[in-house]
Amino acid sequence: MNKPRTRFAPSPTGYMHVGNLRTALYSYLLIKKLGGDFILRIEDTDRGRLVEGASDVIYSTLRETGLNWDEGPDIGGQFGPYIQSERQGIYMEYAKKLCETGEAYYCFCTAERLESLRGQSGGVAKYDRLCSSIPLSEALARVEEGQPFVIRQKMPQGGSTSFEDAVFGTITIENDELEDQILIKSDGMPTYNFANVIDDHLMKITHVVRGNEYLSSTPKYNLLYKAFGWDVPVYVHCSPIMKDAQNKLSKRNGDASYQDLVEKGYLKDAIINYIALLGWSPKGEREIFSLQELIEQFDIDGISKAPAVFDPEKLRYVNAEYIRAMTPEQFHDAALPFIKQAVSNENADTRPIAKCLHQRTEVLSEIAPQIDFIDTLGDYTTELFVNKKSKSTLQSSKEMLLAAIGELQKLKEFSEDAVHDTLISLAASLEVKNGLLMWPIRIAASGRTVTPGGAVEVLCILGKEESLRRLEIGLEKLNAALAEG
């Protein structure tokens, strides 16, 4: 029995869309579960849609997410080259073989004639097979003369073609619905439908994972396999990922790509974990898996026929689980780029900031808005000092700030423990609840009612000098408000 082999064969036409990444992931999980090889092949035959640098995005995304390939354009392998445009001569050779056996034919119809067929049928027309009756000798002579041509697959007339899909079961298509598809275009390049069959066979691909939009095309592929006398691979077609009940996620519409999600602060492992759940259900209630655990759990039987809806809240939940499971050091390293968006001081100690944020963060992009007060104390109204829960008033806030400034000024060591103990002792000596003291300190230090961490953490992030400066500003605001009032 041949060693199991599958391929991820993206077109370098832009960013790595979520649906594309899921195809790569399912291909990887399936073949690694079977102990086989994962092949990366770049399908760049559609020259008009190529985007410069898109191949590099494919490589970097797969590497970042741990979907490492066993053969591919950059590392080579026994069945290369692994870029379709470098295999052009191979496709023409096989297309000519089909013409010789009568399974394909040269077509010389002009673009104008094909357009007239569309006009006669109201915009959509199946090719009328005009050139299928041209004798091969005549066709070859016209090719020698330099007449432009394409090569078309000759579809059977009448009857039906069936195939087995691992997810959808038996699929049957009436042959009369199949158009004589183009195999080789007028520029000599193969169409996607033809090239992927040739490449899959030559690269000994045993399993093909792809979107179910290819279900209706698969009989065409299988007729090619039959024409050559080749074994057909195992097909695993996956339902689409939907933006909502009516609309598919679409790269063309700018919907979520892997790069978008990373920039928004989602962790790569969380992204992979969530994408695995978009159309596949593990056994049991557990939903958080490492990549290795996904390999162990993955089963084709768990793939759903129903479309999956991309749920940002579910992704957020998965991401939060991964963040909470990080060590403080891991979280600091992941959060650092986002902390630096809000903290311009290159010498600032970012570890206390990360410590405050760790268990309060679900998506890393939410970090900067939470801590932008560190760089700049924005203008705020004294109304913030009034709080029913802590029973804070303008007068009590003034008294608490005045007392806190006096005690904090005495501190030689401005550590979290020292600040905490000083303020707790102060509240006790003033015979007030901790909240009555801490609330105005938080407001004066940050200018906001919600901060990552409480008053003590905010003061330690700011440092002694800046903390006292801000508490003095708060005291001045309260004095002015009370004088007016």
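The values are calculated or read from the model by the stated rules, or taken from the named source; none is laboratory data. The structure presented is a predicted model; accordingly, all values stated were derived computationally and were not measured. We place every Cβ from the backbone using ideal geometry, glycine too, and count neighbours over all the protein chains shown. In case anyone asks, the SASA skips ligands and DNA or RNA and just uses the protein heavy atoms, side chains included. Shrake-Rupley method; radii C 1.70, N 1.55, O 1.52, S 1.80 Å.
Using a simple spin-label model with pseudo-atoms 7 Å out from Cα toward Cβ, Lys391 and Leu117 lie 8.8 nm apart. In the chain, the calculated helix contribution to ellipticity at 222 nm averages -13500 deg cm²/dmol per residue, counting -39,500 (n - 2.57) for every DSSP H run with n ≥ 4. A straight Cα-to-Cα reach below 17 Å connects Lys33 with the lysines Lys3, Lys283, residues fewer than 8 places away in its own chain not being considered. The candidate values are (i) 1.03; (ii) 1.18; (iii) 0.95; the one derived from this structure for Rg/Rh (Cα atoms, Kirkwood Rh) carries the label (ii). Surface composition of the range 83-164: carbon and sulfur make up 52 percent of the accessible area, probe 1.4 Å. For the range 81-128, applying the loop criterion from DSSP together with a ceiling of 15 other beta carbons within 10 Å to the trypsin sites (Lys or Arg not before Pro) yields Lys126. Label positions at Asp299 and Ser216, each projected 7 Å from the Cα along the C-beta direction, are separated by 3.4 nm.
Please identify the GluC sites (Glu not before Pro) of the range 395-485 that satisfy two criteria: DSSP loop assignment and at most 12 other Cβ atoms within 10 Å. Which are they? Provide the component values of the computation, followed by the final result.
Numbers: sites: Glu399, Glu407, Glu413, Glu416, Glu431, Glu457, Glu465, Glu466, Glu472, Glu476, Glu484; in loops: Glu413, Glu431.
Sparse-neighbourhood loop GluC sites (Glu not before Pro): Glu413, Glu431.
The stretch between Ser290 and Asn479, if pulled fully straight at 0.36 nm per residue, gains 62.4 nm over its current Cα-Cα span. Between Glu472 and Asp372, what is the label-point separation in nm under the 7 Å Cα-to-beta-carbon projection? That separation, rounded to one decimal, is 2.7 nm. Between helix 312-324 and the chain there is an angle of about 60 degrees, using the helix long axis and the longest principal axis of the Cα atoms.
Can you tell me the accessible area per residue over the chain, all protein chains present, probe 1.4 angstrom, in square angstrom?
Details: 23320 Å² over 485 residues.
Solvent-accessible surface per residue comes out at 48 Å².
Converting phi to 3J(HN,Hα) with the Karplus coefficients 6.51, -1.76 and 1.60 and the offset θ = phi - 60°, the range 370-376 yields 6, 10, 5, 5, 5, 6, 9 Hz in sequence order, with x at every glycine or proline. For the chain, the longest principal axis of the Cα atoms and the long axis of helix 192-202 meet at an angle of about 80 degrees.
Looking at the range 90-146, which GluC sites (Glu not before Pro) are DSSP coil and have at most 16 other C-beta atoms within 10 Å of their C-beta?
Here the sparse-neighbourhood loop sites are Glu145.
Among the cysteines of the chain, those with no neighbouring cysteine Cβ under 4.7 Å are Cys99, Cys109, Cys238, Cys356, Cys460. Working from Cα pairs under 8 Å separated by at least six residues, relative contact order for the chain is 12 percent. Taking amide H as placed 1.01 Å from N in the peptide plane, the amide H of Ser304 sits under 5 Å from that of Trp280, Ser281, each at least 5 places away or on another chain.
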